1. Could you state the number of Å between the C-alpha centres of segment A:94-149 and segment A:165-218?
2. Specify whether the C-alpha gyration tensor of segment B:154-273 places it in the rounded, prolate or oblate class, a ≥ b ≥ c being the square roots of the eigenvalues: rounded for a/c under 1.5, otherwise prolate if a/b is larger than b/c and oblate if not.
3. Beyond 20 Å, what share of the Cα-Cα pairs of segment A:1-154 is found? Please give it as a whole percent.
4. Tell me the mean residue ellipticity at 222 nm calculated for the protein assembly as shown from its helices only (DSSP H runs of n ≥ 4, each -39500 (n - 2.57), averaged over every residue, nearest 500).
5. Report the net charge of residues surrounding B:Phe94, where surrounding means a beta-carbon distance below 14 angstrom and charges are Lys +1, Arg +1, Asp -1, Glu -1.
6. Using modelled backbone amide H atoms (1.01 Å from N, in-plane), which distant-in-sequence or interchain residues come within less than 5 Å of A:Val71's amide H?
7. B:Ala301's amide H: which non-local residues (gap 5+, or another chain) put their own amide H closer than 5 Å, with H modeled 1.01 Å from N in plane and none for Pro or chain starts?
8. For B:Leu298 paired with B:Leu370, estimate the spin-label separation in nm (one decimal), with each label point 7 Å from Cα along the Cα-to-Cβ line.
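What follows is calculated from the coordinates using simple rules that are stated; it is not laboratory data. In this text, all values refer to a predicted model and were calculated from it rather than measured experimentally. Positions of Cβ are backbone-derived with ideal geometry, glycine not excepted, and every protein chain shown enters the neighbour counts.
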Amino acid sequence: MSNTKLGLLVFWPTFWTGFPIKMVFALLLLAAHMHPWEGTGLYLLLLVSIPVDIWALGLCARTVFIDRLKVDPQPGLGLNLWIRWAAFSAVALPIITIVVSMVTETAKSVVASIVESIKENILTIPVAEQISLELVMWGSVASVALILCLIGWLYGLGWFAQPFVKNAKPVIGTTADQANFWDSLRIPADQPLLLTAFTGMGVVLVFIFWVLLPQTTPHPHEEYVYTFEKKEVVIVEPKKILKEAEQVLANAELVVIKLQDEKSGDAEASSETSGKASDLSPEAKQEK
Amino acid sequence: MWSIKPGLINKFGFCKSLGWNGERRMKEDSQSVNQQNAFEKVVEFVDERVGLKTIQAKMLNEPIPGGSRWAYAFGSVLLFIFIVQVVTGILLMFYYVPSTDHAYASTQYIIHEVDYGWFLLSYHFWGSSAMVVMVFAHMSQVFLWGAYKKPRELVWLVGLALFGIVMGFGFTGYLLPWDQRAYWATVVGVEIMDKTPLIGDFLARFLKGGPTPGQMTLSRFFVIHVMVLPAALAGLAGLHIFLFRKAGPAGPFRGTPEEIKAKTDYFFPRQIWKDIVAMATVFLIICSLAFIEPVVLLEQATPDPGDYHPEPEWYFLFLFQLLRLKIFGGEFGQFLGAMAIPGAFMAFLAALPFLDTNSERNIFKRPLALIGWTVVMVFILVFTVSAIINREFLD
């Protein structure tokens with residue numbers, strides 16, 4: 001079996017076997033206001049992932065070895081293979097990320113310049129067409145780069161797994177015996193105990209989730225006014241308002257009368273001292 | 001890959017419960033009838049009247065040719081998502097008011113003041129997207145496995161109708177929060193529908209209930225979303241499962257009949273276990289999305305879009321972007337892009353089991369089917385991503 005195929009056959013089920021368990025922890029971290037993709041949350045998730053991955057890798061690799069390669073590996077396959085894969089991936093995956101990012105950025109800029117030159121020299125391209133055209137062009141290059149890198153990575157995983165295949169002992173017996181052998185590996189001896197443990201774990205996890213789950217939204221709308229914050233409704237008392245209005249009108253009337261009196265007084269005075277503007281009162285000045 | 005062994009069956013202890021050894025079991029039952037506890041007596045009472053154990057045997061004791069597989073879990077996951085959508089939908093209805101005056105305020109109330117309301121609403125929102133993704137996955141699996149071929153043509157046709165209902169759920173539910181996003185997505189959707197020949201105008205007027213979306217639109221969308229579509233989906237899903245059980249699972253597309261027979265497994269326990277794990281995983285993903293990207297409303301709906309660029313829900317984005325192409329400009333172009341091409345594609349899918357009568361199911365020996373599926377998937381992906389880039393360009 002080729003290295004790439006072996007790497008894929010072991011990696012694919014391992015990923016999916018560990019994924020639901022990691023998702024449980026990721027969700028609990030989210031409920032506890034921690035992001036599983038950064039800071040402490042990421043470290044905690046990675047810490048939990050190590051034993052999960054070792055277990056999943058051991059189970060899935062042994063199944064593939066027995067079922068597809070007809071060999072039974074030495075004990076400790078999960079841990080030994082995980083150490084090699086983890087060390088290799090720690091180097092390979094950042095390199096793949098950098099390579100694919102560089103290829104993508106280069107492809108984007110080259111495609112943009114090609115499209116610009118087409119627009120300037122040959123024909124005009126509407127916005128929607130331009131977006132899809134550019135996406136297909138740089139997307140194809142980036143996808144090819146990504147697929148090639150992933151094939152290389154899977155080849156590496158398979159290459160690290162091959163020594164374990166060589167050191168494994170052949171499984172003897174009929175096909176039915178072989179199937180029964182690896183099949184039995186996956187079935188726990190005590191079924192009720194397994195079901196009870198699973199149910200118990202489920203209940204505990206649901207309880208923890210319920211305790212951690214915020215009761216109200218962690219992302220409140222800025223303009224939303226909560227019911228308990230709403231101002232009390234002002235009770236309208238028509239008689240009181242009318243009385244107050246009448247009082248205001250009465251006061252205003254008095255002021256008007258006073259102003260009229262002052263105006264008439266000022267008019268008399270001004271006739272006596274006509275031309276002497278400096279003698280005018282401030283109110284009269286304002287009126288003027 | 002999987003093969004069930006007699007010893008294994010006894011380990012799970014379901015031979016007896018399923019009544020496989022009927023006569024011996026009846027004797028054992030008559031001897032132990034006096035030793036039954038209260039629960040067993042209740043089960044016995046119900047079983048005598050409704051045939052509980054026969055139903056249980058029928059449901060669990062279904063042979064799966066070639067053994068259980070993760071690829072067969074999509075249908076069960078869809079049913080699970082639908083049930084949780086019904087539960088969360090009912091809880092949301094306790095607080096939601098389907099009127100233009102209160103829809104927005106009641107949704108804001110659910111988000112801000114109802115205990116865990118924000119989580120319920122966000123779960124319901126992401127659950128609808130998960131349902132669309134699962135429908136695509138389920139249909140792709142059936143297509144690639146060649147499981148639509150004789151004698152499963154009716155299962156495929158009912159499945160297509162269910163696909164339409166799921167899309168209808170997304171379309172009608174999107175309006176209910178009554179914010180700008182909801183309002184304008186509906187305006188765009190109804191405009192697309194309006195382009196259907198003969199019935200388009202009627203459909204658009206029927207859904208809107210007036211010249212512009214308003215109270216009548218909201219009432220109609222609400223009733224369709226919470227009554228018409230759930231009833232239709234429940235009925236058709238039942239029919240889908242009945243037809244599926246009648247025709248039986250198609251099994252893998254590779255392997256000799258002897259190999260497939262040797263590896264044949266039963267629905268219980270292996271496939272049930274895989275289904276449960278798949279359901280739990282999807283549930284965890286939806287919950288995580290509800291945390292990472294909870295529902296946050298825009299401003300209350302108004303007939304003026306303002307700075308907002310109207311666009312439909314993400315699973316209609318590829319169609320929306322297609323209509324932006326110059327080739328689909330003008331009245332005829334819009335009809336072509338919005339109705340004629342998608343309609344022709346759906347008609348082709350409906351006719352597929354009757355057109356493709358070759359009994360070969362191996363996808364690697366059906367190059368046209370494999371290329372066709374890849375082209376459709378790449379097309380949807382490219383135009384969806386293009387729409388997202390276009391949105392950024394407009395912003």
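1. 45 Å
2. In terms of gyration-tensor shape, prolate.
3. So the pairs more than 20 Å apart make up 65 percent of the total in segment A:1-154.
4. -23500 deg cm²/dmol
5. Net of charged neighbours comes to -2.
6. Under 5 Å from the amide H of A:Val71: A:Ile66, A:Val171.
7. Correct list: B:Asp179, B:Gln180.
8. Roughly 4.3 nm, to one decimal.
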